[in-house]
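The values are calculated or read from the model by the stated rules, or taken from the named source; none is laboratory data. Keep in mind it's a predicted model, so treat the numbers as computed, not measured. So basically every Cβ, Gly included, is an ideal-geometry build from the backbone, and we count neighbours across all protein chains shown.
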Ligand SMILES: *Cc1c(COP(=O)(O)O)cnc(C)c1O
(Lines give C-alpha, C1' and ligand atoms only; values in the text may rest on other atoms or scores of the structure.)
Protein backbone atom coordinates (compact mmCIF):
# COMPACT_ATOMS: atom_id res chain seq x y z
CA UNK A 1 0.00 0.00 0.00
CA UNK A 2 1.25 3.47 -0.87
CA UNK A 3 1.17 6.01 1.91
CA UNK A 4 1.37 9.65 0.93
CA UNK A 5 3.76 11.55 3.20
CA UNK A 6 1.09 14.15 3.95
CA UNK A 7 -1.44 11.53 5.14
CA UNK A 8 -1.97 11.48 8.89
CA UNK A 9 -0.62 8.25 10.40
CA UNK A 10 -2.95 5.26 10.67
CA UNK A 11 -5.35 6.39 7.98
CA UNK A 12 -5.61 4.20 4.92
CA UNK A 13 -8.24 4.04 2.24
CA UNK A 14 -9.45 0.42 1.87
CA UNK A 15 -7.71 -1.50 -0.93
CA UNK A 16 -10.80 -3.58 -1.79
CA UNK A 17 -14.55 -3.16 -1.83
CA UNK A 18 -16.54 -5.67 0.23
CA UNK A 19 -19.31 -7.65 -1.49
CA UNK A 20 -22.04 -8.97 0.85
CA UNK A 21 -23.17 -11.39 -1.89
CA UNK A 22 -20.26 -13.64 -0.88
CA UNK A 23 -21.67 -14.12 2.63
CA UNK A 24 -25.45 -14.11 2.15
CA UNK A 25 -27.18 -17.36 3.14
CA UNK A 26 -29.31 -17.15 -0.04
CA UNK A 27 -28.51 -15.24 -3.24
CA UNK A 28 -30.31 -11.97 -3.98
CA UNK A 29 -33.05 -12.62 -6.59
CA UNK A 30 -31.66 -11.53 -9.98
CA UNK A 31 -32.85 -8.59 -12.07
CA UNK A 32 -35.14 -9.73 -14.91
CA UNK A 33 -35.51 -8.69 -18.53
CA UNK A 34 -39.08 -7.30 -18.64
CA UNK A 35 -39.58 -8.61 -22.19
CA UNK A 36 -38.57 -12.24 -21.60
CA UNK A 37 -38.93 -12.59 -17.83
CA UNK A 38 -35.45 -14.19 -17.85
CA UNK A 39 -32.54 -13.06 -15.65
CA UNK A 40 -30.63 -10.20 -17.26
CA UNK A 41 -27.55 -11.07 -19.26
CA UNK A 42 -24.57 -8.80 -19.93
CA UNK A 43 -25.99 -7.98 -23.39
CA UNK A 44 -29.12 -6.47 -21.79
CA UNK A 45 -27.01 -4.04 -19.75
CA UNK A 46 -24.26 -3.27 -22.27
CA UNK A 47 -26.05 -0.23 -23.82
CA UNK A 48 -26.13 1.40 -20.37
CA UNK A 49 -23.10 0.29 -18.36
CA UNK A 50 -19.42 -0.58 -18.87
CA UNK A 51 -18.51 -4.28 -18.67
CA UNK A 52 -16.57 -3.88 -15.41
CA UNK A 53 -19.71 -2.63 -13.64
CA UNK A 54 -21.90 -5.31 -15.26
CA UNK A 55 -19.51 -7.92 -13.84
CA UNK A 56 -19.59 -6.30 -10.41
CA UNK A 57 -23.40 -6.30 -10.57
CA UNK A 58 -23.50 -10.11 -10.62
CA UNK A 59 -20.24 -10.85 -8.77
CA UNK A 60 -20.21 -13.11 -5.71
CA UNK A 61 -16.52 -12.48 -5.02
CA UNK A 62 -16.05 -11.24 -1.46
CA UNK A 63 -13.28 -8.69 -2.15
CA UNK A 64 -12.97 -6.63 -5.33
CA UNK A 65 -9.83 -4.56 -5.76
CA UNK A 66 -10.29 -0.79 -5.92
CA UNK A 67 -8.33 0.57 -8.93
CA UNK A 68 -5.47 2.84 -7.83
CA UNK A 69 -6.79 5.91 -9.76
CA UNK A 70 -10.05 5.59 -7.78
CA UNK A 71 -8.18 5.26 -4.48
CA UNK A 72 -6.13 8.31 -5.40
CA UNK A 73 -9.32 10.37 -5.74
CA UNK A 74 -10.82 8.79 -2.58
CA UNK A 75 -7.77 10.08 -0.70
CA UNK A 76 -8.98 13.66 -1.26
CA UNK A 77 -11.46 13.05 1.61
CA UNK A 78 -11.14 9.41 2.75
CA UNK A 79 -10.97 7.84 5.21
CA UNK A 80 -13.90 9.87 6.48
CA UNK A 81 -13.90 10.46 10.23
CA UNK A 82 -15.65 8.28 12.81
CA UNK A 83 -16.41 10.73 15.59
CA UNK A 84 -17.44 10.01 19.18
CA UNK A 85 -20.51 12.17 19.94
CA UNK A 86 -19.40 13.05 23.48
CA UNK A 87 -21.43 16.24 23.61
CA UNK A 88 -24.60 14.61 22.28
CA UNK A 89 -24.20 11.75 24.79
CA UNK A 90 -23.97 14.33 27.58
CA UNK A 91 -26.95 16.32 26.32
CA UNK A 92 -29.04 13.14 26.23
CA UNK A 93 -27.75 11.88 29.59
CA UNK A 94 -27.38 8.43 28.05
CA UNK A 95 -25.21 5.55 29.29
CA UNK A 96 -24.73 4.59 25.61
CA UNK A 97 -21.68 5.49 23.53
CA UNK A 98 -22.54 7.14 20.21
CA UNK A 99 -20.19 7.28 17.22
CA UNK A 100 -21.04 8.89 13.91
CA UNK A 101 -19.41 8.07 10.59
CA UNK A 102 -19.37 11.38 8.77
CA UNK A 103 -19.60 11.29 4.96
CA UNK A 104 -20.25 15.05 4.75
CA UNK A 105 -16.50 15.64 4.36
CA UNK A 106 -16.59 14.71 0.66
CA UNK A 107 -16.33 17.61 -1.83
CA UNK A 108 -20.09 17.50 -2.50
CA UNK A 109 -21.03 16.88 1.13
CA UNK A 110 -22.38 13.30 1.02
CA UNK A 111 -21.42 9.64 0.55
CA UNK A 112 -22.40 9.69 -3.14
CA UNK A 113 -18.93 10.42 -4.62
CA UNK A 114 -17.78 6.98 -3.35
CA UNK A 115 -19.65 5.37 -6.24
CA UNK A 116 -19.66 8.35 -8.63
CA UNK A 117 -15.87 8.26 -8.89
CA UNK A 118 -15.80 4.48 -9.38
CA UNK A 119 -18.49 4.60 -12.07
CA UNK A 120 -16.91 7.50 -13.95
CA UNK A 121 -13.55 5.69 -13.82
CA UNK A 122 -14.80 2.42 -15.34
CA UNK A 123 -16.76 4.25 -18.06
CA UNK A 124 -13.78 6.39 -18.99
CA UNK A 125 -11.54 3.30 -19.02
CA UNK A 126 -13.87 1.68 -21.58
CA UNK A 127 -13.88 4.72 -23.90
CA UNK A 128 -17.21 6.30 -22.97
CA UNK A 129 -17.20 10.11 -23.26
CA UNK A 130 -20.44 11.12 -21.55
CA UNK A 131 -22.68 9.99 -18.68
CA UNK A 132 -26.36 10.76 -18.13
CA UNK A 133 -28.19 10.49 -14.86
CA UNK A 134 -31.15 11.64 -12.79
CA UNK A 135 -31.05 13.45 -9.48
CA UNK A 136 -33.54 14.34 -6.76
CA UNK A 137 -32.34 17.03 -4.39
CA UNK A 138 -29.17 17.22 -6.47
CA UNK A 139 -26.59 15.42 -4.29
CA UNK A 140 -26.17 12.64 -6.82
CA UNK A 141 -26.09 14.95 -9.85
CA UNK A 142 -23.48 17.14 -8.17
CA UNK A 143 -21.42 14.10 -7.15
CA UNK A 144 -21.43 12.56 -10.62
CA UNK A 145 -20.69 15.99 -12.11
CA UNK A 146 -17.65 16.25 -9.85
CA UNK A 147 -16.48 12.72 -10.71
CA UNK A 148 -16.86 13.44 -14.44
CA UNK A 149 -14.91 16.67 -14.09
CA UNK A 150 -12.07 14.86 -12.31
CA UNK A 151 -11.98 12.06 -14.91
CA UNK A 152 -12.53 14.16 -18.06
CA UNK A 153 -16.08 13.05 -18.99
CA UNK A 154 -19.12 15.09 -19.99
CA UNK A 155 -22.20 14.78 -17.79
CA UNK A 156 -25.92 15.52 -18.44
CA UNK A 157 -28.35 15.45 -15.53
CA UNK A 158 -32.16 15.35 -15.28
CA UNK A 159 -33.24 16.83 -11.96
CA UNK A 160 -36.70 16.25 -10.43
CA UNK A 161 -38.69 19.41 -11.20
CA UNK A 162 -39.69 20.13 -7.56
CA UNK A 163 -36.02 20.24 -6.52
CA UNK A 164 -34.83 22.01 -9.68
CA UNK A 165 -37.16 24.90 -8.83
CA UNK A 166 -36.72 24.98 -5.05
CA UNK A 167 -33.01 24.07 -4.68
CA UNK A 168 -30.94 25.92 -7.29
CA UNK A 169 -27.58 25.61 -5.51
CA UNK A 170 -26.76 22.05 -6.49
CA UNK A 171 -27.68 22.78 -10.10
CA UNK A 172 -25.19 25.65 -9.94
CA UNK A 173 -22.67 23.26 -8.41
CA UNK A 174 -23.17 20.87 -11.37
CA UNK A 175 -22.64 23.77 -13.76
CA UNK A 176 -19.41 24.77 -12.00
CA UNK A 177 -18.20 21.21 -12.59
CA UNK A 178 -19.03 21.66 -16.29
CA UNK A 179 -22.22 19.57 -16.44
CA UNK A 180 -25.63 20.33 -17.97
CA UNK A 181 -28.75 20.04 -15.78
CA UNK A 182 -32.38 19.89 -17.06
CA UNK A 183 -35.63 19.89 -15.07
CA UNK A 184 -37.53 16.58 -15.32
CA UNK A 185 -39.89 15.88 -16.93
CA UNK A 186 -38.41 17.73 -19.90
CA UNK A 187 -39.31 18.16 -23.56
CA UNK A 188 -35.95 16.59 -24.51
CA UNK A 189 -37.03 12.93 -24.34
CA UNK A 190 -40.01 10.90 -25.48
CA UNK A 191 -40.62 9.74 -21.91
CA UNK A 192 -40.56 13.33 -20.64
CA UNK A 193 -42.90 14.61 -23.36
CA UNK A 194 -45.40 11.81 -22.58
CA UNK A 195 -45.33 12.64 -18.89
CA UNK A 196 -45.83 16.36 -19.52
CA UNK A 197 -48.72 15.59 -21.86
CA UNK A 198 -50.36 13.50 -19.11
CA UNK A 199 -49.75 16.05 -16.35
CA UNK A 200 -48.27 19.43 -17.38
CA UNK A 201 -47.95 20.55 -13.73
CA UNK A 202 -46.25 17.44 -12.34
CA UNK A 203 -43.57 18.09 -9.72
CA UNK A 204 -41.65 15.12 -11.13
CA UNK A 205 -40.15 12.12 -9.38
CA UNK A 206 -36.91 10.18 -9.40
CA UNK A 207 -38.65 7.42 -11.37
CA UNK A 208 -39.57 9.90 -14.14
CA UNK A 209 -36.09 11.40 -14.26
CA UNK A 210 -34.54 7.92 -14.54
CA UNK A 211 -36.71 7.24 -17.62
CA UNK A 212 -35.35 10.37 -19.29
CA UNK A 213 -31.68 9.76 -18.46
CA UNK A 214 -31.89 6.11 -19.60
CA UNK A 215 -33.52 7.10 -22.88
CA UNK A 216 -30.82 9.69 -23.59
CA UNK A 217 -28.06 7.13 -22.94
CA UNK A 218 -29.61 4.36 -25.03
CA UNK A 219 -29.84 6.69 -28.03
CA UNK A 220 -26.10 7.55 -28.10
CA UNK A 221 -23.36 4.88 -28.40
CA UNK A 222 -20.73 7.10 -26.73
CA UNK A 223 -22.99 7.75 -23.75
CA UNK A 224 -23.71 5.56 -20.77
CA UNK A 225 -26.12 5.90 -17.89
CA UNK A 226 -25.16 6.05 -14.25
CA UNK A 227 -27.31 5.28 -11.22
CA UNK A 228 -26.47 6.69 -7.79
CA UNK A 229 -28.12 4.02 -5.64
CA UNK A 230 -30.20 0.81 -5.79
CA UNK A 231 -27.92 -1.38 -7.96
CA UNK A 232 -25.55 -4.01 -6.52
CA UNK A 233 -22.40 -2.31 -7.81
CA UNK A 234 -23.38 0.89 -5.99
CA UNK A 235 -23.77 -1.02 -2.69
CA UNK A 236 -20.33 -2.51 -3.39
CA UNK A 237 -18.60 0.86 -3.92
CA UNK A 238 -20.15 2.30 -0.77
CA UNK A 239 -18.66 -0.50 1.34
CA UNK A 240 -15.62 1.69 2.00
CA UNK A 241 -17.78 3.44 4.63
CA UNK A 242 -18.41 0.37 6.78
CA UNK A 243 -14.93 -1.08 6.31
CA UNK A 244 -13.36 2.13 7.57
CA UNK A 245 -15.86 2.30 10.45
CA UNK A 246 -14.98 -1.26 11.52
CA UNK A 247 -11.27 -0.43 11.45
CA UNK A 248 -11.80 2.86 13.30
CA UNK A 249 -13.89 1.17 16.01
CA UNK A 250 -11.16 -1.46 16.28
CA UNK A 251 -8.55 1.27 16.87
CA UNK A 252 -10.41 2.34 20.03
CA UNK A 253 -11.36 -1.20 21.05
CA UNK A 254 -15.09 -0.70 20.47
CA UNK A 255 -17.71 -3.01 18.92
CA UNK A 256 -20.99 -1.76 17.47
CA UNK A 257 -24.13 -3.08 19.16
CA UNK A 258 -26.36 -1.28 16.69
CA UNK A 259 -25.89 0.61 13.41
CA UNK A 260 -28.43 3.15 12.12
CA UNK A 261 -28.52 4.42 8.54
CA UNK A 262 -31.13 6.34 6.57
CA UNK A 263 -32.61 4.56 3.57
CA UNK A 264 -33.75 6.11 0.29
CA UNK A 265 -32.41 3.78 -2.42
CA UNK A 266 -30.33 2.00 0.21
CA UNK A 267 -26.73 2.84 -0.69
CA UNK A 268 -25.44 4.63 2.41
CA UNK A 269 -27.21 2.12 4.65
CA UNK A 270 -25.66 -0.76 2.69
CA UNK A 271 -22.26 0.91 2.56
CA UNK A 272 -22.13 1.37 6.30
CA UNK A 273 -23.85 -1.82 7.40
CA UNK A 274 -22.87 -4.57 4.93
CA UNK A 275 -19.32 -4.96 6.30
CA UNK A 276 -20.89 -5.33 9.79
CA UNK A 277 -23.41 -7.87 8.42
CA UNK A 278 -20.55 -9.74 6.76
CA UNK A 279 -18.85 -10.04 10.12
CA UNK A 280 -22.10 -11.19 11.71
CA UNK A 281 -22.50 -13.87 9.04
CA UNK A 282 -18.86 -15.03 8.94
CA UNK A 283 -17.73 -14.66 12.54
CA UNK A 284 -20.97 -14.78 14.52
CA UNK A 285 -21.00 -11.04 15.30
CA UNK A 286 -24.21 -9.64 16.78
CA UNK A 287 -24.37 -6.07 15.46
CA UNK A 288 -27.99 -5.06 14.87
CA UNK A 289 -28.69 -3.00 11.73
CA UNK A 290 -31.61 -0.59 11.43
CA UNK A 291 -32.69 1.15 8.21
CA UNK A 292 -34.52 4.45 8.78
CA UNK A 293 -36.91 5.65 6.07
CA UNK A 294 -39.36 8.57 5.91
CA UNK A 295 -42.99 7.85 6.86
CA UNK A 296 -43.97 9.69 3.66
CA UNK A 297 -42.13 7.22 1.40
CA UNK A 298 -42.12 3.94 3.37
CA UNK A 299 -41.00 1.31 0.85
CA UNK A 300 -39.46 -1.05 3.45
CA UNK A 301 -42.10 -0.75 6.16
CA UNK A 302 -45.25 -0.46 4.00
CA UNK A 303 -44.27 -1.53 0.48
CA UNK A 304 -44.55 -5.04 -0.92
CA UNK A 305 -41.57 -7.27 -1.74
CA UNK A 306 -42.00 -8.09 -5.43
CA UNK A 307 -40.60 -7.49 -8.91
CA UNK A 308 -41.10 -3.91 -10.08
CA UNK A 309 -39.60 -1.38 -12.48
CA UNK A 310 -37.01 1.10 -11.24
CA UNK A 311 -38.60 3.96 -13.19
CA UNK A 312 -42.04 5.33 -14.07
CA UNK A 313 -42.02 4.57 -17.80
CA UNK A 314 -41.03 0.92 -17.28
CA UNK A 315 -37.75 1.16 -19.24
CA UNK A 316 -35.51 -0.44 -16.60
CA UNK A 317 -35.08 -4.13 -15.79
CA UNK A 318 -37.44 -5.65 -13.24
CA UNK A 319 -35.92 -5.60 -9.76
CA UNK A 320 -37.08 -7.70 -6.81
CA UNK A 321 -37.46 -5.08 -4.12
CA UNK A 322 -39.63 -3.53 -1.46
CA UNK A 323 -41.70 -1.11 -3.53
CA UNK A 324 -44.61 1.29 -3.28
CA UNK A 325 -45.28 0.77 -7.02
CA UNK A 326 -43.30 2.37 -9.86
CA UNK A 327 -46.07 4.92 -10.47
CA UNK A 328 -46.02 6.09 -6.82
CA UNK A 329 -45.29 9.84 -6.70
CA UNK A 330 -44.10 10.67 -3.19
CA UNK A 331 -45.12 13.94 -1.53
CA UNK A 332 -42.43 16.65 -1.93
CA UNK A 333 -40.79 16.10 1.47
CA UNK A 334 -37.58 17.95 2.31
CA UNK A 335 -35.39 14.85 2.30
CA UNK A 336 -35.33 14.71 -1.52
CA UNK A 337 -32.81 11.87 -1.52
CA UNK A 338 -35.32 9.60 0.25
CA UNK A 339 -38.15 10.10 -2.28
CA UNK A 340 -37.81 6.83 -4.19
CA UNK A 341 -40.61 4.29 -4.67
CA UNK A 342 -38.34 1.24 -4.33
CA UNK A 343 -35.32 0.01 -2.38
CA UNK A 344 -32.06 -1.65 -3.41
CA UNK A 345 -32.59 -5.37 -4.12
CA UNK A 346 -29.70 -6.29 -1.80
CA UNK A 347 -31.10 -4.19 1.05
CA UNK A 348 -34.64 -5.49 0.38
CA UNK A 349 -33.31 -9.06 0.44
CA UNK A 350 -31.39 -8.45 3.68
CA UNK A 351 -34.56 -7.04 5.27
CA UNK A 352 -36.53 -10.02 4.00
CA UNK A 353 -33.95 -12.40 5.53
CA UNK A 354 -34.20 -10.57 8.87
CA UNK A 355 -30.62 -9.27 8.69
CA UNK A 356 -31.76 -5.62 8.68
CA UNK A 357 -34.72 -4.15 10.57
CA UNK A 358 -36.59 -1.18 9.09
CA UNK A 359 -38.40 1.70 10.80
CA UNK A 360 -40.23 4.78 9.48
CA UNK A 361 -39.57 8.26 10.90
CA UNK A 362 -41.88 11.29 10.65
CA UNK A 363 -40.37 14.36 8.94
CA UNK A 364 -40.97 16.64 11.95
CA UNK A 365 -39.26 14.18 14.31
CA UNK A 366 -36.34 13.88 11.89
CA UNK A 367 -35.73 17.65 11.75
CA UNK A 368 -36.11 17.98 15.53
CA UNK A 369 -33.36 15.38 15.91
CA UNK A 370 -31.23 17.11 13.27
CA UNK A 371 -31.45 20.36 15.22
CA UNK A 372 -30.63 18.60 18.49
CA UNK A 373 -27.60 16.99 16.83
CA UNK A 374 -26.45 20.33 15.35
CA UNK A 375 -26.76 22.11 18.69
CA UNK A 376 -24.70 19.43 20.44
CA UNK A 377 -22.11 18.44 17.79
CA UNK A 378 -21.98 21.48 15.49
CA UNK A 379 -22.57 19.60 12.24
CA UNK A 380 -25.92 20.23 10.56
CA UNK A 381 -26.94 16.80 9.18
CA UNK A 382 -28.41 16.43 5.68
CA UNK A 383 -32.24 16.18 5.88
CA UNK A 384 -31.89 12.54 4.75
CA UNK A 385 -29.41 11.75 7.52
CA UNK A 386 -31.72 13.22 10.19
CA UNK A 387 -33.92 10.11 9.89
CA UNK A 388 -31.05 7.98 11.21
CA UNK A 389 -30.16 10.67 13.77
CA UNK A 390 -33.73 10.56 15.14
CA UNK A 391 -33.62 6.77 15.49
CA UNK A 392 -30.18 6.82 17.14
CA UNK A 393 -31.22 9.55 19.58
CA UNK A 394 -34.39 7.62 20.50
CA UNK A 395 -32.31 4.49 21.09
CA UNK A 396 -29.77 6.39 23.22
CA UNK A 397 -32.53 8.01 25.28
CA UNK A 398 -34.06 4.61 26.01
CA UNK A 399 -30.70 2.93 26.72
CA UNK A 400 -30.19 1.48 30.18
CA UNK A 401 -26.75 -0.03 29.48
CA UNK A 402 -23.44 1.19 28.07
CA UNK A 403 -24.20 -0.05 24.55
CA UNK A 404 -22.38 1.25 21.47
CA UNK A 405 -24.42 2.99 18.79
CA UNK A 406 -23.00 3.77 15.34
CA UNK A 407 -24.86 6.38 13.33
CA UNK A 408 -24.38 6.91 9.62
CA UNK A 409 -24.23 10.65 8.98
CA UNK A 410 -24.53 10.36 5.21
CA UNK A 411 -24.12 14.06 4.49
CA UNK A 412 -24.20 17.63 5.69
CA UNK A 413 -27.19 19.93 5.36
CA UNK A 414 -25.52 23.23 4.60
CA UNK A 415 -27.12 23.41 1.14
CA UNK A 416 -30.49 22.36 2.62
CA UNK A 417 -30.91 25.10 5.20
CA UNK A 418 -34.25 26.34 3.78
CA UNK A 419 -35.65 22.88 4.67
CA UNK A 420 -34.57 23.38 8.29
CA UNK A 421 -36.01 26.86 8.36
CA UNK A 422 -39.59 25.53 8.75
CA UNK A 423 -38.63 23.67 11.92
CA UNK A 424 -36.53 26.18 13.91
C1 LIG B 1 -28.91 10.51 -1.68
C2 LIG B 1 -28.74 10.58 -0.23
C3 LIG B 1 -29.35 9.63 0.61
C4 LIG B 1 -30.26 8.57 0.11
O5 LIG B 1 -29.71 7.64 -0.78
P6 LIG B 1 -29.29 6.18 -0.33
O7 LIG B 1 -28.97 5.48 -1.58
O8 LIG B 1 -30.43 5.59 0.42
O9 LIG B 1 -28.09 6.36 0.55
C10 LIG B 1 -29.09 9.73 1.96
N11 LIG B 1 -28.32 10.72 2.47
C12 LIG B 1 -27.74 11.65 1.70
C13 LIG B 1 -26.91 12.71 2.32
C14 LIG B 1 -27.92 11.61 0.32
O15 LIG B 1 -27.33 12.52 -0.45
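What the table below lists for this structure:
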| quantity | calculated |
| --- | --- |
| Filter result (within 26 Å of the chain's Cα centre (by Cα), in a helix (DSSP H, G or I) and more than 16 Å from the ligand (Cβ to nearest atom)) within the range 196-215 | 208, 211, 212, 214, 215 |
| Test: residue in the range 299-308 that is touching a helix residue (DSSP H, G or I) at 6+ places or on another chain (Cβ under 7 Å), within 16 Å of the ligand (Cβ to nearest atom) and under 27 Å from residue 244 (Cα atoms) | yes |
| Residues located in the range 108-131, provided they are more than 16 Å from the ligand (Cβ to nearest atom) and either without any contact (Cβ under 8 Å) to a residue 12 or more places away in the chain or not in a helix (DSSP H, G or I) (or both) | 126, 127, 128, 129, 130, 131 |
| Unmet requirement for residue 324, which otherwise passes all of (1) more than 14 Å from the ligand (Cβ to nearest atom); (2) farther than 13 Å from residue 356 by Cβ; (3) in contact (Cβ under 8 Å) with a residue 60 or more places away in the chain; (4) crowded, with 18+ Cβ neighbours inside 10 Å | (3) |
| Filtered residue count, the range 50-65, keeping only those that are in a helix (DSSP H, G or I) and exposed (fewer than 15 other Cβ atoms within 10 Å of the Cβ) | 1 |
| Single match in 342, 285, 291 (criterion: touching a strand residue (DSSP E or B) at 6+ places or on another chain (Cβ under 6 Å) and part of a loop (DSSP other than H, G, I, E, B)) | 342 |
| Residue check, residue 354 more than 27 Å from residue 278 (Cα to Cα) and more than 18 Å from the chain's Cα centre (by Cα) | no |
| Residues located in the range 359-388, provided they are farther than 14 Å from residue 416 by Cα and under 16 Å from the mean Cα position of the chain (by Cα) | 387, 388 |
| Output for the range 251-268, where each listed residue is more than 6 Å from the ligand (Cβ to nearest atom) and either touching a strand residue (DSSP E or B) at 6+ places or on another chain (Cβ under 7 Å) or on the phi > 0 side of the Ramachandran plot (or both) | 253, 254, 255, 256, 257, 258, 259, 260, 261 |
| Test: residue in the range 216-228 that is within 13 Å of the ligand (Cβ to nearest atom), surrounded by 24 or more Cβ atoms within 10 Å (Cβ to Cβ) and either assigned to a helix (DSSP H, G or I) or on the phi < 0 side of the Ramachandran plot (or both) | yes |
| Given (1) part of a loop (DSSP other than H, G, I, E, B); (2) within 15 Å of the ligand (Cβ to nearest atom); (3) buried (at least 19 other Cβ atoms within 10 Å of the Cβ), number of the condition residue 316 does not satisfy | (2) |
| Whichever residue in the range 200-215 is under 28 Å from residue 263 (Cβ atoms) and surrounded by fewer than 24 Cβ atoms within 10 Å (Cβ to Cβ) and, among such residues, is modelled with the lowest pLDDT | 203 |
| Some residue of the range 381-390 being in contact (Cβ under 8 Å) with a residue 40 or more places away in the chain, away from the ligand (no atom under 14 Å from the Cβ) and not in a helix (DSSP H, G or I) | no |
| Those residues of the range 362-380 which are over 20 Å from residue 160 (Cβ atoms) and within 13 Å of the ligand (Cβ to nearest atom), in sequence order | 370, 379, 380 |
